[in-house]
1. Placing unit charges on C-beta atoms (Lys and Arg positive, Asp and Glu negative, everything else neutral), compute the dipole magnitude of the chain about its Cα centre in debye, rounded to 20.
2. Quick check on the chain: helices-only [θ] at 222 nm, where DSSP H runs of length 4 and up contribute -39,500 (n - 2.57) each and the sum goes over total residues. Nearest 500, please.
3. In nm², what is the average projected area of the convex hull enclosing the Cα atoms of region 90-231?
4. Let me have the relative contact order for the chain, percent, based on Cα pairs under 8 Å that are six or more residues apart.
5. Please state the equivalent ellipsoid semi-axes for region 87-157: what are the square roots of 5 times the Cα gyration tensor eigenvalues, largest first, in whole Å?
6. For the chain, with all protein chains present and a 1.4 Å probe, just round the carbon and sulfur fraction of the accessible area to a whole percent.
7. Once Lys and Arg get +1 and Asp and Glu get -1 on their Cβ, which of Ser13, Pro66, Ile117 lies farthest toward the positive end of the dipole of the chain?
8. Is there a quick way to get the dipole size of region 24-124? I mean about its Cα centre, with the Cβ of Lys and Arg at +1 and of Asp and Glu at -1; what is the value in debye to the nearest 20?
Amino acid sequence: MTTATTPADDAVSFDHRHIALENHGDVYVVGDVHGCPDALDALLERLDLGGNDLAVFVGDLVRKGPDSKAVLDRVRRSPRLLSVRGNNERKLIEGAASLSALGPADYQYVESLPTAISWDGGLVVHGGVDPARSLSAQSREDVLTMRSPEGDGYDGPFWFDAYEGPPRVFFGHTVLETPIEREWAVGLDTGCVYGGSLTAYDVGNERFVSVDGPDHVERSSSKIVTPDGSC
């Protein structure tokens, strides 16, 4: 797949925020938090972000875990923490789900989240991309919910098995037994809310940082992708 390394505002159909990596120190991309503030606090303590460092979340900050409001408070109040919109944020916006603990400021923040965050050579989205189409041909729905272009969710084949970039795509949404690190795709949803881990990727040093997650929700093992790409 051949595409521009940075999505220009007029080249893609989804909204995104572009950042310049040279203006920051260490940059991390963080997997799905799903309302687990204790795991988030533990990970942020491990990362020990300096004043110029940045952590970018792949979305799904909310729902399933015990305290979505606490997670939103931590992320939205820090200039060093950014997030894209996940499908669970979209459910709140569209009224398909609700969280009684959230107030107007929380919903305003959720609505403000971009579908993607990009930098030269990198793209953070919640779901993924269709490897058969250029970046300019991807819809907001694609990058928000993509798992399998030809299958039904976890039936596969998964988009990241065929994607050849650029840009390098950092994603969540698909629950992984272990994080994925490939030339053009980095998968970070390691099932924090299901008793897995909360994982960050150090973009500059190309390494993972993980902390154990609480077991708040049971999940079938058939809905977790193993290192060989099976469920």
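The values are calculated or read from the model by the stated rules, or taken from the named source; none is laboratory data. These numbers come from a predicted model, not from an experiment. Backbone-built Cβ (ideal geometry, glycine too); neighbour counts: all protein chains shown. For the accessible areas, the whole protein counts, side chains as well, though only heavy atoms, and no ligand, DNA or RNA atoms are used. Shrake-Rupley method; radii C 1.70, N 1.55, O 1.52, S 1.80 Å.
1. For this selection, approximately 480 debye.
2. Computed ellipticity for the chain at 222 nm equals -5500 deg cm²/dmol.
3. 9.6 nm²
4. Value for the chain: 24 percent.
5. In descending order, the three semi-axes are 26, 17, 8 Å.
6. Carbon and sulfur: 43 percent of the exposed surface of the chain.
7. Among Ser13, Pro66, Ile117, the one farthest towards the positive end of the dipole of the chain is Pro66.
8. 280 debye
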